[in-house]
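The values are calculated or read from the model by the stated rules, or taken from the named source; none is laboratory data. These figures come from a predicted structure and were not determined experimentally. Here the Cβ is made from the backbone with ideal geometry for all residues, glycine too, and neighbour counts use every protein chain on show. Side chains included, ligands, DNA and RNA excluded: accessible areas come from the protein's heavy atoms. Shrake-Rupley method; radii C 1.70, N 1.55, O 1.52, S 1.80 Å.
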Amino acid sequence: MENRSKYYLVAIMNKTKKKISLVELDEKTRWFMGQCRQSGLKVTPQRIAIYRELLKTDEHPSAEMLYEKVKTIFPSISLDTVNRTLLMLNEIGAAFTVEGSGDAKRFDGGLREHQHFKCVKCKRIIDFHHKPFDNIKLPAEISKKFTVLRKTVYLEGLCDLCR
Ligand SMILES: [Zn+2]
Ligand SMILES: [Zn+2]
């Protein structure tokens, strides 16, 4: 029961603002810097700022949305730098793109296991967490032939505000 109520609390908070403490933010930043060094990548203040902005929001921002935010800290940063940094974050496993097609790529800092619901009308991407979705069994035809690195459940439809 204890765990269950905690889960609901997180679910409610996710709807409004991402629950990330400053401690967690700093921990993830340190982890990120370590990942960069391990991969032989330079740790720049701009890269750190982009990563931290991604962690702080639950909007699943596009490169443009992140660019607007980081520009307030680094006015001379270019959209290209943001794009390349996001690509790099993907490669080292510090971020991933949210599925869905047709629109600009949207990103997630991947703080904790969760799934996405995307509204096709207002384009909001809403986090939810349904435990059985964390461990979906692969069909044999796939697991025999391929190495699966990531499994995800992605739902699309109309949100509560648009239906
Ligand atoms: Zn909507
Ligand atoms: Zn998400």
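Using modelled backbone amide H atoms (1.01 Å from N, in-plane), which distant-in-sequence or interchain residues come within less than 5 Å of Phe107's amide H?
Long-range HN contacts for Phe107: Ser62, Val98.
So for the range 78-163: antiparallel DSSP bridges make up what percent, rounded to the nearest 5? Please report the intermediate quantities before stating the final value.
Working: 7 of 11 bridges.
About 65 percent, rounded to the nearest 5.
Let me have the 222 nm mean residue ellipticity of the chain computed from DSSP H runs of 4+ only, each contributing -39500 (n - 2.57), with the sum over all residues rounded to the nearest 500. Working shown, then result.
On the way: 6 runs with 72 residues, N = 163.
After summing the helix terms and dividing by residue count, I get -13500 deg cm²/dmol.
Using 7 Å Cα-to-Cβ label points, what is the Leu22/Arg112 separation (nm, one decimal)?
It is 2.1 nm.
Note the angle between two axes, namely the Cα long axis of helix 45-56 and the longest principal axis of the Cα atoms of the chain, as a number of degrees from 0 to 90, rounded to the nearest 10.
20 degrees
Considering only Cα-Cα distances, which of the following residue pairs are longer than 22 Å: Lys42/Lys71; Lys105/Lys144; Lys118/Lys144; Lys42/Lys105; Lys19/Lys69? It would help to have the intermediate numbers written out before the result.
Details: Lys42/Lys71 20 Å; Lys105/Lys144 30 Å; Lys118/Lys144 31 Å; Lys42/Lys105 24 Å; Lys19/Lys69 19 Å.
Lys105/Lys144; Lys118/Lys144; Lys42/Lys105, as the Cα separations exceed 22 Å there.
Determine the shape class of the range 28-102: with a ≥ b ≥ c the square roots of the Cα gyration tensor eigenvalues, call it rounded for a/c under 1.5, and otherwise prolate if a/b is greater than b/c, oblate otherwise. Can you show the working numbers first?
Numbers: a/c = 1.62, a/b = 1.16, b/c = 1.39.
Oblate is the answer for the range 28-102, as a/c is 1.5 or above yet b/c matches or exceeds a/b.
Of all alpha-carbon pairs in the chain, indicate the percentage at a distance above 22 angstrom. Please report the intermediate quantities before stating the final value.
Numbers: 6563 of 13203 pairs.
Tail fraction, whole percent: 50.
Would you mind telling me the antiparallel percentage of the DSSP bridges in the chain, rounded to 5? Write down the numbers at each step before the final one.
Numbers: 8 of 12 bridges.
Around 65 percent antiparallel, to the nearest 5.
Using only Cα atoms, tell me the angle between helix 79-91 and the longest principal axis of the chain; keep it within 0 to 90° and round to the nearest 10.
The angle comes out near 50 degrees.
So what's the angle, to the nearest 10 degrees on a 0 to 90 scale, between helix 2-16 and the longest Cα principal axis of the chain?
60 degrees
In whole percent, how big is the carbon plus sulfur part of the accessible area of the range 72-138, probe 1.4 Å, protein atoms only? Don't skip to the end; give the middle numbers.
Numbers: 2090 of 3820 Å².
Taking all protein chains in place, the range 72-138 shows 55 percent carbon and sulfur surface.
Which peptide among 20-26, 146-152 comes first, and what is the full order, when sorted by highest mean count of other Cβ atoms within 10 Å?
Numbers: 20-26: 11.1, 146-152: 8.9.
In descending order of packing, they fall as 20-26, 146-152.
Find the accessible area per residue for the range 70-163; the probe is 1.4 Å, ligands and nucleic acids are left out, and the unit is Å². Intermediate results must be reported in sequence, preceding the final value.
Numbers: 6180 Å² over 94 residues.
Using a 1.4 Å probe on heavy atoms only, each residue of the range 70-163 averages 66 Å².
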